[in-house]
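Colleague: For reference, the structure I am asking about is given below.
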C-alpha cells in the first residue's frame, strides 16, 4: 500500500541541500509516498 500526502517544501536549509541538488526548489509542492522501507519524493 502506498499512502501520499501533499506537502510544501522549503525554505531549504543546508541539511536539505541534497533535495535542491536532486532538482527540487524551495517552496515547490512535493508528494511523499510512504512505501515499505523507503520514502519516494516527487514533484506534485
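Colleague: Want the number for residue 40 to residue 17: 0.36 nm per residue separation, take away the alpha-carbon distance, what's left? Each step should come with its number before you reach the end.
Modeller: Values: separation 23, 0.36 × 23 = 8.28 nm, distance 1.69 nm.
Roughly 6.6 nm would be gained on extension.
Colleague: Continuing with this model, one more query. Could you order peptides 16-28, 32-44 by the average number of other Cβ atoms within 10 Å of their residues, highest first? Let's see the in-between values first.
Modeller: Details: 16-28: 12.2, 32-44: 10.5.
The densest-packed peptide leads the list: 16-28, 32-44.
Since every read-out is calculated from the coordinates, none of them should be taken as a lab result. This one's a predicted model, so the numbers in the text were calculated from it and none came from an experiment. When we count neighbours, we look across all protein chains shown, and the Cβ atoms used for this are built from the backbone with ideal geometry, even at glycine.
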